[in-house]
Every structure is written in C-alpha cells, then in structure tokens.
Amino acid sequence: NLIFGKWKYEMADTSPVFIAFRSTTKKTVQYDDVLEYKDRLSLSENYTLSIKNARISDEKRFVCMLVTVDNVYEEPTVVKVFKQPSQPEIIHPANFLETEKLKMLGECIARESYPDGNITWYKNGNILQPVEGVVVMSLQKVVDQSTGLFTTTSSLQYMPTKKDANAQFACSVTYYGPSGQEKISSEPVVFDVHYPTEKVTIKVLSQRNTIKEGDNITLKCSGNGNPPPQEFLFYIPGEPEGIRSSDTYVMTDVRRNATGEYKCSLIDRSMEDSTTITVHYLDLSLTPSGEVIKQIGEALPISCTISSSRNATMFWIKDNTRMQTSPSFSSLEYKDAGNYICETTLQEVEGLKKRQTLTLIVEGKPQIRMSKKTQSNKSKTIICHVEGFPKPAVQWTTTGSGSIINKTEETNYVNGKFSSKIVISPEENVTLTCIAENQLERTVTSINVSAISIPEYDEPDERNGDNREKVNDQAKLIVGIVVGLLLAALVAGIIYWVYMKKSKTASKHVDKDLGNIEENKKLEENNHKSEA
C-alpha cells in the first residue's frame, strides 16, 4: 500500500525542510533543491538515506515519512557529528625560565575539534593545578564560522624553582567522540631554567695525584648557577690582587715556591672557594762528585745529602750493582775504584728522582812480591806478584847477561793486582829481576834461583794441603840424614882419639898422619853432605 517516501530535517524555530523523495509507483527519486545537501545525498530503494562528506551542520533531527493509501507514518532520528582535534602542541615556548619570576611558559593549542575540548597541563607526568602567583592558566575557545570547528588554546605562566631544571612539560586535550570521552597528549618540552650561583668550587686539573717541580698546573673554577659564571677572580700565592680570568687559569713550569693556598671567587667577590697545592721537590748533593783520583791507602769520606718536600728513599749503585750500605773509605784499596751512583726517589711522587755519580780512581805505585817453586821435573816457576794503578808494565831480566825474558804468562788484572810468571830450568845459579813500571814509579825486585833441583816452595798460598805435607816430609828426611851423619862422625872421632892414646909414640905419629888424611876425607864428605 506504500505510495512514496520522503526525508526531511527539522531544526528549532524553523519549518521542516524536505530533502529527498522516492515514488514506489514510478520508481523515481527526486532530491530537493537544498544547497547544503547538493550532490551529497543518496536514497536507496529501501529508503535508506546516505549523506556524504559529513559536516558539523549535519547535526540535526532527520525524519523519515512514509505515505500509504490511507495513512502517513513518520519516525525521527537525531544525528550527532564529532571531529577529533589535531594533536595538541606547545607553541611560543619560552627560551628559558627564571627562578623567582612568573613567566609565560607557552601556549597549548588543539585545533579543529567538535565539540570543543578541554586542555590540561602536566609537569613530569603530573597534572598542574593553578596556584596563585606560581601557576596561572587561561583558556580560550574559538569557533570557525565556516566549518563550525573549535580551536582551544590554553596559556601557562609558571614560576620555576631550581628543581625544575630538566623537568618535562606537556599538555593534553580531552574531547568527546562516538565512543565517549577521549584524550590526546602533546610531545613533552624541557625548558632551560636559570638560577643564580649559590656555590663556587675550585679544582686542580691534573693527570697525576701529585705535582712536582716543572709540571704545569691548571686551576678550574666553577659556579653551580645556570648559566654558570664565565669569569672569576683567581688569587695566587705571592700576588697581592686577584687575577681576572675565564673559568680556567694555567701556570707552567711551577717551582717549589708555588706551594700554598689558591682561591677563586665571583667577580663581585660574593663567594669564593680555596684549595691547597703542594709542589714537591727533590734536591741531591753528592760530595765529592765527578771524577776523583786518590792514592791507595788514603781516606775518602763521601756525603750524599737530600732535601725534599716529603720522605725520600736513597740507595747506592756501584758498577750497576746495588750496594747494601753507603760507601765511606778510611784506607782506599784498588778494589774500591769504580763508578758510584747515589740515587734518590720521592715516595708517591711519580717521575721525581735524582742521581749523581762519582767515578773513583785509586792510583798506586807498583808494589812487587816475588816467589819461586821447584817442580819435580827440575823446572822452576818464578812469579812476580804486582800491585798498582794504572796497570804497571812488567819486564823480566837475568842478572849478568841482562837479557830480557819475553816468554811470560800474566793473570787477569783484577782490583789493581795481577801476576807475571816464567818457568825456567837453569844450568847454573841465576838472579832474575822483575821490573814493574807505571806513570807513577818504576819498581825493581830480584830473586836468586839455584840450579840445584831440590824442590823449593816459597809460595805456600798457591799449594794445597797435600803438597804442603809432601814438602814437609822431604825436609824432615833431609834434616834426619844430615844429623845422623854428623852423629856418626862424632862417635867415630871419639873412638879414634881413645885408640890413639893407647898406641905407641912412633906409630902414633905415623897413624896420626894417616888419621889426619882419613879425617880430612871424612870431613870433606860430611861437608858435602851438609851442603847438600
């Protein structure tokens, strides 16, 4: 029984406005000449009305009217239109904030929303509530007459504290959508908070924990304000007035007189800080030092003294070997010669050490001691023991002919001592002369050497115990033989004397002569044996 259907909308204080018509008999669709809906409507066969490109003005009461042969039916529906705002943003942000000053932080704006929204401010994620003189907010809403959309703006004035440094400020817009209340937040913004300096600090910039003479010192002064102070006054020991400088002050090649208290302050001298610097030093004095020439037997006191800023350790080195005690000589020996180094280091001060050297030369005139020994093969070893420095040159000669003996052997020259040795087998008694000569003196010593092959040992130091016992046994044997021969001769003489007393006078004279001849022979034999 349906004849046709129509759609209209109704607004307060105005007459209904028809916008679409559809006939069931003619199967036709007609759209009324309504400007705001031109080319935006579509009416289907089942009388469904579609509106394209929804607008805020589409928020109306629409009525569906169906007409039959005997009746008219109407059913209304109310259309609500929503527009999500753009993401809010903070515009016109302050370059910086200052403590104790109420200042415009910025504006939060949310554009093109419908219906209008509300803006909320946050600090570090917490809602900011208005506080008189500290947090001041103002809200403004503007409608675009052409679109009907709202732009909501909220400005924030804020008085920060020092704790607000690095704080994050943000805002959000709350609006209503088809599903209820929704929220969109802005990106957070951090503001530079300026606050005055409350404390000044001075520091020593150094790669080491300690400072020694010759180092460079860099002082750095800083204030805890924001922005930090750029200039300071530095007070240096020995300077009557403060030195104006940037936050750093450099001193090069410092000396021990740089030890003292250092200060820095703000330019207005309102506050300052201080630190104490110790410049460590180490002095070493060696007496005598350098090259020293002394004679053997002389005394040589040595003094190595230290002056330092703290306890120092000292040790001696002789010829690259560390000594256990400090050197001091009451009577110099050749072995005392050498290179001495007195070295000291300052404990806990890296790189601070000193050393001085003493080159000791012990000179002496040549001293000679000669010895000899006879070997079992009848050869004789003659040794010339020589002491002296510089090293003496040794020459051997024989007395009488004065010829020079070149075939010699020398031991190593150690601690001013060495020996020269020759081996001979003389056919007759000779005198050997050892000549030792250096720049100081020429020394000559001689020794008689017998051609007799009886073993002789004038060098007990160069024989071992077995050889010594062997020589003693041979000497005892020789002495025993000689004493026995003398006793036998004495007994024979006594017997002969008694015998002669009992003989006749004539025969006594004859026998006496014969006895004298025999006695002389015996005495000669005894004399030869005694010499042997």
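Given region 262-365, what strands (runs of 3 or more DSSP E) lie entirely inside it while holding 1 or more residues that are in contact with an Asp or Glu (Cβ under 7 Å, 6 or more places away or on another chain) and farther than 30 Å from Asp247 by Cα? Walk me through it before giving the result.
Numbers: elements: 272-277, 282-287, 290-295, 303-308, 312-318, 338-346.
Qualifying strands (runs of 3 or more DSSP E): 290-295, 303-308, 312-318, 338-346.
Applying the selection to region 361-420, what residues are among the basic types (Lys, Arg) and out of contact with any His (no Cβ under 7 Å at 6 or more places or on another chain)? Outline the logic, then answer.
Our first condition is that a residue be among the basic types (Lys, Arg); within region 361-420, this holds for 365, 369, 372-373, 378, 380, 391, 407, 417.
Matches in region 361-420: Lys365, Lys372, Lys373, Lys378, Lys380, Lys391, Lys407, Lys417.
Going by what's in this entry, would Gly402 be described as within 59 Å of the chain's Cα centre (by Cα), at positive phi and either among the small types (Gly, Ala, Ser) or modelled with pLDDT of 85 or more (or both)?
Values: within 59 Å of the chain's Cα centre (by Cα): no; at positive phi: yes; either among the small types (Gly, Ala, Ser) or modelled with pLDDT of 85 or more (or both): yes.
Criteria not met by Gly402.
Please verify whether region 235-255 includes one or more residues that are in contact with a Gly (Cβ under 7 Å, 6 or more places away or on another chain), closer than 30 Å to Thr305 by Cα and loosely packed, with under 12 Cβ neighbours inside 10 Å. Reasoning before the result, please.
Within region 235-255, the subset in contact with a Gly (Cβ under 7 Å, 6 or more places away or on another chain) is 235, 237, 253.
Narrowing further to those that are closer than 30 Å to Thr305 by Cα: 237, 253.
Narrowing further to those that are loosely packed, with under 12 Cβ neighbours inside 10 Å: 253.
Yes, because at least one residue in region 235-255 is in contact with a Gly (Cβ under 7 Å, 6 or more places away or on another chain), closer than 30 Å to Thr305 by Cα and loosely packed, with under 12 Cβ neighbours inside 10 Å.
Go through region 77-99 residue by residue and tally those that are surrounded by 14 or more Cβ atoms within 10 Å (Cβ to Cβ), in a strand (DSSP E or B) and hydrophobic (A, V, I, L, M, F, W, C).
Residues in region 77-99 being surrounded by 14 or more Cβ atoms within 10 Å (Cβ to Cβ), in a strand (DSSP E or B) and hydrophobic (A, V, I, L, M, F, W, C): 2 in total.
Can you list residue pairs whose Cβ atoms sit under 8 Å apart, with the first residue in region 290-319 being touching a residue at least 12 places away in the same chain (Cβ under 8 Å) and open to solvent by 70 Å² or more (accessible area, probe 1.4 Å) and the second being β-branched (Val, Ile, Thr) and not in a strand (DSSP E or B)? Count only pairs 6 or more apart in sequence or on different chains.
Cβ pairs passing all conditions: Arg310/Val349.
Is there a residue in region 55-69 that is open to solvent by 60 Å² or more (accessible area, probe 1.4 Å), basic (Lys, Arg) and within 24 Å of Phe150 (Cα to Cα)?
Step one: filter region 55-69 for residues open to solvent by 60 Å² or more (accessible area, probe 1.4 Å), giving 55, 61, 69.
After this cut, where a residue has to be basic (Lys, Arg) as well, the list is 55, 61.
From the residues that got through so far, the ones that are within 24 Å of Phe150 (Cα to Cα) too are 55, 61.
There is at least one residue in region 55-69 that is open to solvent by 60 Å² or more (accessible area, probe 1.4 Å), basic (Lys, Arg) and within 24 Å of Phe150 (Cα to Cα).
Hey, can you tell me all the residues within region 100-130 that are open to solvent by 70 Å² or more (accessible area, probe 1.4 Å) and within 21 Å of Val173 (Cα to Cα)?
Met104, Arg111, Glu112, Asn118, Asn124, Asn126, Ile127, Gln129, Pro130
Could you figure out which of (1) touching a Gly at 6+ places or on another chain (Cβ under 9 Å); (2) open to solvent by 50 Å² or more (accessible area, probe 1.4 Å) isn't true of Phe150?
Every listed condition holds for Phe150 apart from (2).
Residue by residue through region 414-439, note down the ones that are buried (at least 16 other Cβ atoms within 10 Å of the Cβ) and assigned to a loop (DSSP other than H, G, I, E, B).
Passing the criteria: Gly416, Pro426, Asn438.
Looking only at region 8-28, decide whether some residue is assigned to a loop (DSSP other than H, G, I, E, B) and under 30 Å from Val173 (Cα atoms). Give the derivation first.
Pass one, region 8-28, residues assigned to a loop (DSSP other than H, G, I, E, B): 11-16, 24-28.
Going one step further and asking which of them are under 30 Å from Val173 (Cα atoms), we end up with none.
Looking through region 8-28, none of the residues is assigned to a loop (DSSP other than H, G, I, E, B) and under 30 Å from Val173 (Cα atoms).
Can you tell me which condition Tyr31 does not meet? The list is (1) over 30 Å from Gly148 (Cα atoms); (2) open to solvent by 50 Å² or more (accessible area, probe 1.4 Å), and all the others hold.
Answer for Tyr31: the failing condition is (1).
Taking the criterion of being over 19 Å from Leu128 (Cα atoms), in contact (Cβ under 8 Å) with a residue 40 or more places away in the chain and either buried (at least 17 other Cβ atoms within 10 Å of the Cβ) or touching a Gly at 6+ places or on another chain (Cβ under 7 Å) (or both), would at least one residue in region 184-195 satisfy it? First the steps, then the outcome.
Applying the first criterion (over 19 Å from Leu128 (Cα atoms)) to region 184-195 yields 194-195.
Of the ones still in play, those that are also in contact (Cβ under 8 Å) with a residue 40 or more places away in the chain are 194-195.
Narrowing the set further to residues that are either buried (at least 17 other Cβ atoms within 10 Å of the Cβ) or touching a Gly at 6+ places or on another chain (Cβ under 7 Å) (or both) leaves 194-195.
Within region 184-195, one or more residues are over 19 Å from Leu128 (Cα atoms), in contact (Cβ under 8 Å) with a residue 40 or more places away in the chain and either buried (at least 17 other Cβ atoms within 10 Å of the Cβ) or touching a Gly at 6+ places or on another chain (Cβ under 7 Å) (or both).
Can you tell me which residue within region 199-208, out of those that are touching a residue at least 60 places away in the same chain (Cβ under 8 Å) and part of a loop (DSSP other than H, G, I, E, B), is least open to solvent (accessible area, probe 1.4 Å)?
Quick first cut of region 199-208, residues touching a residue at least 60 places away in the same chain (Cβ under 8 Å) only: 199-204, 208.
Of the ones still in play, those that are also part of a loop (DSSP other than H, G, I, E, B) are 199, 208.
Numbers: Lys199: 127, Arg208: 103 Å².
Among those residues, the one meeting the criterion is Arg208.
Just need a number here: residues in region 47-75 that are touching a strand residue (DSSP E or B) at 6+ places or on another chain (Cβ under 9 Å), under 27 Å from Ser113 (Cα atoms) and among the polar types (S, T, N, Q).
1
How many of the residues making up region 329-342 are within 17 Å of Thr287 (Cα to Cα) and either under 37 Å from the mean Cα position of the chain (by Cα) or open to solvent by less than 80 Å² (accessible area, probe 1.4 Å) (or both)? Before you say what the answer is, go through the steps one by one.
Within region 329-342, the first condition is being within 17 Å of Thr287 (Cα to Cα), and the residues that meet it are 329-330, 332, 336-342.
Now narrow it down to the ones that are either under 37 Å from the mean Cα position of the chain (by Cα) or open to solvent by less than 80 Å² (accessible area, probe 1.4 Å) (or both): 329, 332, 336-342.
Of the residues in region 329-342, 9 are within 17 Å of Thr287 (Cα to Cα) and either under 37 Å from the mean Cα position of the chain (by Cα) or open to solvent by less than 80 Å² (accessible area, probe 1.4 Å) (or both).
Identify, by number, the condition in (1) at pLDDT below 95; (2) surrounded by 15 or more Cβ atoms within 10 Å (Cβ to Cβ); (3) part of a strand (DSSP E or B) that Ser172 doesn't meet.
Of the numbered conditions (1) at pLDDT below 95; (2) surrounded by 15 or more Cβ atoms within 10 Å (Cβ to Cβ); (3) part of a strand (DSSP E or B), the odd one out for Ser172 is (1).
Out of all the residues in region 459-466, is one or more closer than 30 Å to Gly338 by Cβ, outside any loop (DSSP other than H, G, I, E, B) and modelled with pLDDT under 80? Write out each step before concluding.
From region 459-466, those closer than 30 Å to Gly338 by Cβ are 459, 461-462; that's our starting set.
The next check asks that each one be outside any loop (DSSP other than H, G, I, E, B); those that pass are 461-462.
Next, only the ones that are modelled with pLDDT under 80 stay: 461-462.
Yes: region 459-466 contains one or more residues that are closer than 30 Å to Gly338 by Cβ, outside any loop (DSSP other than H, G, I, E, B) and modelled with pLDDT under 80.
Among the residues of region 131-147, how many are closer than 16 Å to Lys103 by Cα, of a type in the set (Val, Ile, Thr) and surrounded by fewer than 16 Cβ atoms within 10 Å (Cβ to Cβ)? Even if it seems obvious, please write down each step before you answer.
Going residue by residue through region 131-147, those that are closer than 16 Å to Lys103 by Cα are 131-138.
Of the ones still in play, those that are also of a type in the set (Val, Ile, Thr) are 131, 134-136.
Retained after the next criterion (residues that are surrounded by fewer than 16 Cβ atoms within 10 Å (Cβ to Cβ)): 131, 134.
Final tally of qualifying residues: 2.
Just to be sure before I move on: is Glu36 within 60 Å of the chain's Cα centre (by Cα) and charged (D, E, K, R) in the structure I sent? Before you say what the answer is, go through the steps one by one.
Values: within 60 Å of the chain's Cα centre (by Cα): no; charged (D, E, K, R): yes.
Considered against the rule, which asks whether it is within 60 Å of the chain's Cα centre (by Cα) and charged (D, E, K, R), Glu36 comes out as no.
The values are calculated or read from the model by the stated rules, or taken from the named source; none is laboratory data. Predicted model, so just to flag it, every value in this text is computed and none were measured. All Cβ positions, glycine included, derive from the backbone under ideal geometry; neighbour counts span all protein chains shown. Please note that ligands, DNA and RNA were not included when accessible areas were found on the heavy atoms of the full protein model with its side chains. Shrake-Rupley method; radii C 1.70, N 1.55, O 1.52, S 1.80 Å.
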